[in-house]
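These notes are about the structure you will find just below.
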Protein chains: 2
Amino acid sequence: MNFKYDERIDGALPPVDRDALIEALERLCPGMQVLHEPEHVRPFECDGLSAYRTVPLCVVLPETVEQVAAVLKLAAARGIPVVARGAGTGLSGGALPLEKGILLVMSKFKRIVAIDPVAGIARVEPGVRNLAISQAAAPHGLYYAPDPSSQIACSIGGNVAENAGGVHCLKYGLTVHNILNVDILTIDGERMTLGAESLDSPGFDLLALFTGSEGMLGVVVEVTVKLLPKPQCAKMLMASFNDVETAGKAVAGIIGAGIIPGGLEMMDNLAIRAAEDFIHAGYPVDAEAILLCELDGAEIDVDEDIAHVSQLLRAAGAANVTVAKDEAERLRLWAGRKNAFPAVGRLSPDYYCIDGSIPRRELARVLRGIAALSSEYGLRVANVFHAGDGNMHPLILFDANQPGELARTEALAGKILELCVAVGGSITGEHGVGREKINQMCVQFTSDEIEFFHAVKAAFDPAQLLNPGKNIPTLHRCAEFGAMHVHHGQLPFPELERF
Amino acid sequence: MNFKYDERIDGALPPVDRDALIEALERLCPGMQVLHEPEHVRPFECDGLSAYRTVPLCVVLPETVEQVAAVLKLAAARGIPVVARGAGTGLSGGALPLEKGILLVMSKFKRIVAIDPVAGIARVEPGVRNLAISQAAAPHGLYYAPDPSSQIACSIGGNVAENAGGVHCLKYGLTVHNILNVDILTIDGERMTLGAESLDSPGFDLLALFTGSEGMLGVVVEVTVKLLPKPQCAKMLMASFNDVETAGKAVAGIIGAGIIPGGLEMMDNLAIRAAEDFIHAGYPVDAEAILLCELDGAEIDVDEDIAHVSQLLRAAGAANVTVAKDEAERLRLWAGRKNAFPAVGRLSPDYYCIDGSIPRRELARVLRGIAALSSEYGLRVANVFHAGDGNMHPLILFDANQPGELARTEALAGKILELCVAVGGSITGEHGVGREKINQMCVQFTSDEIEFFHAVKAAFDPAQLLNPGKNIPTLHRCAEFGAMHVHHGQLPFPELERF
């Protein structure tokens, strides 16, 4: 497979006196904290989006906040860019290194500083894994709600940087809704607390601004998260449909009835068959689409909701509706969904996962549009996604070894994201922009809006040293991409009429 | 009563050619849209915080977004400050006019543009009253959750500017959690959409940054709010206590048990007696404190929660626990709470309402501290507040006509806010900073942090024309106030040991 390298970003960075930098870093972070030999830095060349790879100049693994501050001060003094990362599981190349930059790896910060079960909060270091927080809170009957698919590996600092979501964010919100404050270091190595443990913080809401800013405004050194009481019980419905559009409409029906399920996921036939072959979850392989709907809360409530949702699904045209008869079946149904990406991966040498979000009412139309674009580009697309909150994850199946197929895949992916924008949605749901979708930002936003992003960036990092080249495109790049004629969601998308 | 005028802000503004400005504005906004005669502009001299008054140079009441844009462009071109306001019900002087500035009143924008009951959203103009949204949504079984006490009068544009809360924000969140996007005009008159109807908006979270920015970053011209299904039922518990600290601990017990009530309010004896005298709500006048706890949701659930909370309250030491026997009694109990401020106002010529928030675990200590400070300053303090989310509203009773009493009141209020910061809380819960608490911002934040606020402000409004002198203090002001030695919540507060 061909890996991508962005000459416009890496090529444009100023030259670095490599040896002097490494020597200085080793003085600040002695021992095995600075890696620079090719075989040591190579494993850090990409994050979860492996299509983009760049070998960093060096990797620093500091052990104390003072060391992180010292590294940042050094970088600021010498004008060297810094890319911070946690576990590196992101899917948009947000933590992709720079060949003339420091990769600052926060994985040694794995201490759970304090849990206060009465207040329902935990203070943790940024390298603590998402799932580890819930495990530590479990003895108190509490858990941390956001659950990205990578939750076993991804760390909370990266969750903050990407404003991570997950299956349950429909009901429980994204990272920004589940944190109280974040301690950061600025590029000058100054520590600041954003947010407050109390209700609302005065002044501008810098915590929300920071959350999802993809490492461009500062480096997370501590996070205070909210813990929620574990729901008394969870039950799962599976509904099958003879066409995807009816399934899309059923989703709107459930939410429209005022029910907010713990999770509401949709898979189309290609995804169903792939998952069933791989996991044997018990999915109906002839169905054109299934919906998986989990309801959680007090048992008496959940039973009432299960009855209500079953009725809504039947009324919406479901061919069949079943309730998982026990916990084992519920977990099996989830296992199929959670392994759908690797399952689809078995059908094809490569697959490309897209992450766009749309208003729920547009689900049926966007699914029609994806099907039409799929035949037009001659590439199969499987759909597995968080239907409840309109977060689409179309997977394009392709073979990178076939000449031109990667380029065609990228063109199709871009087209699908533009379709999301055209119906009033956005180019990302939960994976972030990173390096991957920097061009699509030009579709999503006007040049005025992009200038505001740059002004905000400059307020925190005027020398552009923190994760440059990600998240916010330059206006020059947008002009090259040729998309600056659009206005916020008002993209001319002539095909829209057809879908 | 003596009104306050801030020489450092109004006096420092450059002189304005008044006649030329009014003539130009009248060309842009013909008819009765520009007010400048003393008797016409006088009614706009303050917002809900009547201690501060300034007569604006002129008042503009535009009718179209194009007119608002034209006024802003004119102001930007001539360097004239603009204070935007909606209904002017704010309690921190955020919408206080400037004597050399334009007061831009958005009250003519009262159209509900669209309601989409399936998506659960409403698009409204900024002058629409908070309660009018819920009234318009009611036929669909939906409502808009944030409910500040002023909800009958306050408008959604102001709610966005102040990130308004209310009795129910413990369960349903603040304004920022209940809006999807906001259309704003920048100081240059450019229209921008912040946020998205879909799950998450890429780039920095400018919607959250804007919400609560108190008119310093732009002018709201349209808001898309979330609508929620009306809870099936609501029931109310009242618990009385022989001391306020036990009541404070009971609050922590309820939340710690994983129950999030629709509302959880506390009143102390002074407030109970005042409200009972005024409203005859049926409060126990001998109790040192009462808690009012509303539970809402599906009936079966609410009944279960009522039983559970009753048990928790008794276990926590409540002297008596009763359940409102019907809707009439529930509404009567709420009426006492909602009229507690005017009720306390009947006890004294003047009262000063404080708005601070604290971590819930500190409730008992802060109540002790307020009592100690109250005797020290020789001023009575009534406590009526949103206990569930730690949002305190101490009311200081005083007589402005007694020499020195206003100054003593302000000193006590400042001390109480500093106590909130010292225990890890903040100087505002839901009223905002405005003009009132600009000095306390110097206590809450370090100079580094305040510099960041200024940099963010400059990204939107480099010439400082939007609502100058509110929300974010200058470093010079902080130096004068003498508070720059503190560090974020680590204020030296020697009295703390005593409480």
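The values are calculated or read from the model by the stated rules, or taken from the named source; none is laboratory data. It should be emphasised that the depicted structure is a prediction, and the values quoted were computed from it without experimental measurement. Because the Cβ atoms are built from the backbone with ideal geometry, glycine has one as well, and the counts that use them run over all protein chains shown. Each accessible area value is taken on the protein alone, full model and side chains, heavy atoms only, with ligands, DNA and RNA left out. Shrake-Rupley method; radii C 1.70, N 1.55, O 1.52, S 1.80 Å.
Here the contact order of chain B, divided by its residue count and restricted to Cα pairs under 8 Å and six or more residues apart, works out to 14 percent. Potential lengthening of the chain between A:Arg365 and A:Glu329 amounts to 9.7 nm, from the contour at 0.36 nm per residue minus the alpha-carbon distance. Position A:Gly11: other-copy label points at 6.0 nm, ordered by increasing distance, label point 7 Å along Cα→C-beta.
Between segment B:117-151 and segment B:76-98, the alpha-carbon centres lie 25 Å apart. Within chain B, the cysteines lacking any other cysteine Cβ closer than 4.7 Å to their own Cβ are B:Cys29, B:Cys46, B:Cys58, B:Cys154, B:Cys169, B:Cys233, B:Cys293, B:Cys353, B:Cys420. Which residue, B:Gly404, B:Leu419, B:Ile370, has the largest displacement toward the positive end of the dipole of segment B:359-499 when charges sit on each Cβ (Lys, Arg +1; Asp, Glu -1)? So the residue we want is B:Ile370. Computing FRET efficiency as 1/(1 + (r/R0)^6) for A:Glu23 and B:Asp448, where r is the C-beta to C-beta distance and R0 is 41 Å, gives about 0.85. The share of C-alpha pairs in segment A:18-105 whose separation exceeds 21 Å stands at 23 percent.
Taken along its three principal axes, the alpha carbon spread of chain B comes to 68, 56, 44 Å, from the longest extent down to the shortest.
Here segment A:105-235 is treated with +1 on each Lys and Arg Cβ and -1 on each Asp and Glu Cβ, and its dipole about the Cα centre works out to around 620 debye. What the pair-distance distribution of segment A:247-346 shows, using all Cα-Cα distances binned every 5 Å from zero, is 2, 13, 24, 24, 20, 12, 5, 1, 0 percent.
Is segment A:1-157 rounded, prolate or oblate when judged by the Cα gyration tensor, a ≥ b ≥ c being the square roots of its eigenvalues, rounded requiring a/c under 1.5 and prolate requiring a/b larger than b/c? Verdict is oblate for segment A:1-157. Modelled spin labels at B:Asn242 and A:Ala407, positioned 7 Å past Cα toward Cβ, are 8.5 nm from each other. Along segment B:329-336 the Karplus relation, 6.51 cos²θ - 1.76 cosθ + 1.60 evaluated at θ = phi - 60°, assigns HN-Hα couplings of 5, 4, 5, 5, 5, 5, 4, x Hz to successive residues, with x for each Gly and Pro. Backbone amide hydrogens, once placed in the peptide plane, bring B:Val221 within less than 5 Å of B:Asp183, B:Ile184, B:Leu185, excluding anything fewer than 5 places away on its chain.
Near A:Asn467, the amide H atoms lying under 5 Å from its own belong to A:Val82, A:Val83, A:Ala84; only residues 5 or more places off or on other chains count, and H is placed 1.01 Å from N.
Full extension of the chain between A:Ile112 and A:Leu496 yields a length gain of 133.3 nm, computed as 0.36 nm times the residue separation minus the alpha carbon distance. Comparing the protein assembly as shown with the 2.2 N^0.38 Å rule of thumb, its C-alpha radius of gyration ratio is 0.93 (two decimals). Shown is the FRET efficiency for B:Glu39 and B:Glu63, computed with R0 = 25 Å from the Cβ-Cβ distance and rounded to the nearest 0.05: 0.65. Relative to the other identical copies, A:Glu376 shows label-point distances of 7.2 nm, where the label point lies 7 Å from Cα along the Cβ direction and values run shortest first. A straight line joining the Cα centroids of segment B:156-204 and segment B:9-38 runs 30 Å.
Using a 1.4 Å probe on the protein chains only, how many percent of the accessible area of segment A:84-227 belongs to carbon and sulfur? Within segment A:84-227, the accessible surface is 52 percent carbon and sulfur.
When Rg and Dmax are taken over the Cα atoms of segment B:233-423, they come to 16.5, 57 Å. In terms of overall dimensions, segment B:176-302 has a Cα radius of gyration and Dmax of 21.0, 59 angstrom.
In the distance distribution for segment B:9-69, Cα-Cα pairs more than 17 Å apart total 49 percent. For B:Gly212, nonlocal amide neighbours, meaning residues 5 or more places apart or on other chains whose placed amide H falls under 5 Å from its own, are B:Ala161, B:Glu162, B:Asn163. Would you mind getting me the FRET efficiency between A:Arg314 and B:Ile152? Use the beta-carbon distance for r and R0 = 41 Å, nearest 0.05. The calculated FRET efficiency here is 0.45. Listed peptides B:223-236, B:164-177 appear in the order B:164-177, B:223-236 once ranked by packing, highest mean of other Cβ atoms within 10 Å at the front. Counts of other chain beta carbons within 10 angstrom of each beta carbon in peptide B:447-455 average 4. Considering all C-alpha pairs of segment A:351-478, those separated by over 17 Å amount to 60%.
Phi angles across segment A:364-378 convert, under the Karplus curve 6.51 cos²θ - 1.76 cosθ + 1.60 with θ = phi - 60°, into 3J(HN,Hα) values of 4, 5, 5, 4, 4, x, 4, 4, 5, 5, 4, 6, 4, 8, x Hz, Gly and Pro given as x. Of the peptides B:397-410, A:260-273, the order by per-residue mean of other Cβ atoms within 10 Å, starting with the highest, comes out as A:260-273, B:397-410. Across peptide A:360-372, the mean count of Cβ atoms from other chains lying within 10 Å of each residue's own Cβ comes to 1.
Annotation for B:His476, label-to-label distances across the other copies: 3.8 nm (shortest first, one decimal, point 7 Å from Cα along Cα→Cβ).
Across peptide B:427-434, the mean count of Cβ atoms from other chains lying within 10 Å of each residue's own Cβ comes to 3. Sorting the segments A:464-471, A:320-327, A:283-290 by their residues' average number of neighbouring beta-carbon atoms within 10 angstrom, most packed first, yields A:464-471, A:283-290, A:320-327. Along segment A:139-147 the Karplus relation, 6.51 cos²θ - 1.76 cosθ + 1.60 evaluated at θ = phi - 60°, assigns HN-Hα couplings of x, 9, x, 10, 7, 9, 6, x, 9 Hz to successive residues, with x for each Gly and Pro. Quarter the surface of the alpha carbon convex hull of segment B:112-229 and you get the mean projected area, 6.9 square nanometres. Spin-label pair A:Asp188-B:Phe481: with each label point 7 Å from Cα along the Cα-Cβ axis, the two points sit 2.0 nm from one another. For segment A:221-352, the relative contact order works out to 38 percent when only alpha carbon pairs closer than 8 Å and six or more residues apart are counted.
Structural descriptor for segment A:119-224: relative contact order 30 percent, calculated from alpha carbon pairs under 8 angstrom and at least 6 residues apart. Chain B residue nearest the rotation axis toward A, with distance: B:Ala208, 2 (Cβ to axis, whole Å).
Which of rounded, prolate or oblate describes segment A:322-362 when judged by the alpha-carbon gyration tensor and an a/c cut-off of 1.5? It is oblate, given that a/c is not under 1.5 and a/b is not larger than b/c. Of B:Val167, B:Ser357, B:Leu475, which is farthest towards the positive pole of the protein assembly as shown's charge dipole, taken about the Cα centre with +1 and -1 on the beta-carbons of Lys, Arg and Asp, Glu respectively? The listed residue farthest towards the positive side: B:Val167. Each part reduced to its alpha carbon centroid, segment B:349-410 and segment A:408-426 end up 55 Å apart. Placing unit charges on each Cβ (+1 for Lys and Arg, -1 for Asp and Glu) gives the protein assembly as shown a dipole about its Cα centre, and among B:Val384, A:Gly127, B:Leu291 the Cα reaching farthest toward its positive end belongs to B:Leu291.
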